[in-house]
Amino acid sequence: MREYTKISVYAIQALLLLFGFPPGVLQCAVGDEGYCSVPNQKADSNSQPLYWKVTNPTLSPEHLQDLPGFTRSVIKRDHAVITPESHVFSPLPDWTNTLGAYLITPAMGSHFVMYLANMQDNSKSALPPRDVERFLFVVMGTVVLSNASGISHRLLVDSFAYLPANFEHSLKCDTSATLVIFERRYSVLEKHISELIVGSTDKQPLLETPGEVFELRKLLPVSAPYDFNIHIMDFQPGEYLNVKEVHYNQHGLLLLEGQGIYRLGDSWYPVQAGDVIWMAPFVPQWYAALGKTRSRYLLYKDVNRNPLNS
Ligand SMILES: *[C@@H]1O[C@H](CO)[C@@H](O)[C@H](O)[C@H]1NC(C)=O
């Protein structure tokens, strides 16, 4: 037994050398149990800006980063995991100096689109199609949101805005910014109208989550005019969903921080900050946070409409 352990340690060290690790990076304590571990990576979460990992993802495992054809992305009938190495950006129609990557669209079966918008120097947004509402969340940088009379809001990282369907507005950016945007054809409800909402995640109250341990914030009002909401869900490492959820609502998810395992149907996916998930109605879903830091994700969920009408 001992001989095999030694041989495999030498083999790992040789592999590490091959991949450019200096000798000594592998501190091995080969005792009777034969344990062996790579030292902890320094946590970078304290020195970097919020949501830094979303725009600077770890394409791990590192030695597979440049492996031809390797991706963690998976597209199935009732769910998809769309990881950063497979994102494809192209100019967003009618926007100025902005590259976008549509990650979830009705071609997958969703009733909404979810996309990343990379705004560059002197960039400007275009309006969504007629009768389509828009929600945006700032992941990196700063944008200025203006209405038709030129009244504006500066939106920093962690800020968001909801623009009702047919609400005239523009987003401008002087330097660079990354937004995650959701759009959906508004599901009209008689005698109700939705309104412009501008806010910041840290100003939203923590809500009760009976039977669950994660922390929940909702970015939009829970009232009837709003046909979807955006949840911000926080899990400490080791925390997981109690309910193994199966429900009629659909989801678009962006993992903002941390790492964990997402169960979707019969598949189990390691996920990390920067990953996007599509969940069709009724796909069994469950999350467990792992790693060393908090998991935080942002989640689209359709609400407040009878499934026969939406
Ligand atoms: C723009 O915002 C200001 C301040 O909220 C408001 O008074 C004004 O009516 C808005 N203009 C339009 C066209 O919505």
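Among the listed residues Gly100, Gly34, identify the single one that is surrounded by 10 or more Cβ atoms within 10 Å (Cβ to Cβ), at pLDDT 95 or above and not in a helix (DSSP H, G or I). Outline the logic, then answer.
Details: Gly34 fails: at pLDDT 95 or above.
None of the other options fit; the residue is Gly100.
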> Can you name the residue in segment 144-187 that is in contact with a His (Cβ under 9 Å, 6 or more places away or on another chain) and not hydroxyl-bearing (Ser, Thr, Tyr) and is also surrounded by the fewest Cβ atoms within 10 Å (Cβ to Cβ) among such residues?
Replying inline: Ala148
> Which of the residues that make up segment 132-143 are more than 26 Å from His192 (Cα to Cα), crowded, with 19+ Cβ neighbours inside 10 Å and without any contact (Cβ under 8 Å) to a residue 60 or more places away in the chain?
Replying inline: Val138, Gly141, Val143
> Of the residues Leu219, Leu308, Leu264, which single one is of a type in the set (A, V, I, L, M, F, W, C), surrounded by fewer than 16 Cβ atoms within 10 Å (Cβ to Cβ) and over 11 Å from the mean Cα position of the chain (by Cα)?
Replying inline: Leu308
>> So, His231, is that one assigned to a loop (DSSP other than H, G, I, E, B) and of a type outside the set (D, E, K, R) or not?
In response: no
>> Can you tell me which of (1) among the hydrophobic types (A, V, I, L, M, F, W, C); (2) touching a strand residue (DSSP E or B) at 6+ places or on another chain (Cβ under 9 Å); (3) under 24 Å from Gly109 (Cα atoms) is the one Leu241 doesn't meet?
In response: (3)
>> What pairs come out if I take residues in segment 171-200 that are free of Cβ contacts under 8 Å to residues at least 40 places away in the same chain and pair them with residues that are within 15 Å of the ligand (Cβ to nearest atom) and of a type outside the set (A, V, I, L, M) whose C-beta lies under 8 Å away, six or more apart or interchain?
In response: Ile193/Pro164; Glu195/Pro164; Ile197/Tyr162
> Can you tell me which residues in segment 182-208 are closer than 14 Å to Ile232 by Cβ and in a loop (DSSP other than H, G, I, E, B)?
Replying inline: Gln204, Pro205, Leu206
> From the set of residues in segment 122-131 that are more than 22 Å from the chain's Cα centre (by Cα) and either buried (at least 20 other Cβ atoms within 10 Å of the Cβ) or among the hydrophobic types (A, V, I, L, M, F, W, C) (or both), which is nearest to the ligand (Cβ to nearest atom)?
Replying inline: Leu127
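I'd like the residue in segment 167-191 that is small (Gly, Ala, Ser) and farther than 22 Å from Val303 by Cβ and, out of all such residues, is farthest from the ligand (Cβ to nearest atom). Steps first, please.
Quick first cut of segment 167-191, residues small (Gly, Ala, Ser) only: 170, 176-177, 187.
When the remaining residues are screened for being farther than 22 Å from Val303 by Cβ, the result is 170, 176-177.
Details: Ser170: 12, Ser176: 26, Ala177: 22 Å.
Ranking the qualifying residues of segment 167-191, first place goes to Ser176.
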>> I'd like to verify a number: residues in segment 134-166 that are closer than 20 Å to Tyr115 by Cα, within 16 Å of the ligand (Cβ to nearest atom), touching a Lys or Arg at 6+ places or on another chain (Cβ under 8 Å) and not aliphatic (A, V, I, L, M), how many?
In response: 2
> Which condition does Met119 not pass, out of (1) in a strand (DSSP E or B); (2) within 16 Å of the ligand (Cβ to nearest atom); (3) more than 19 Å from Gly252 (Cβ to Cβ); (4) of a type in the set (A, V, I, L, M), if it passes all the others?
Replying inline: (2)
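The values are calculated or read from the model by the stated rules, or taken from the named source; none is laboratory data. Please read these numbers as outputs of a predicted model, since none were measured by experiment. Cβ sites come from the backbone with ideal geometry, for glycine too, and all protein chains shown count toward neighbours.
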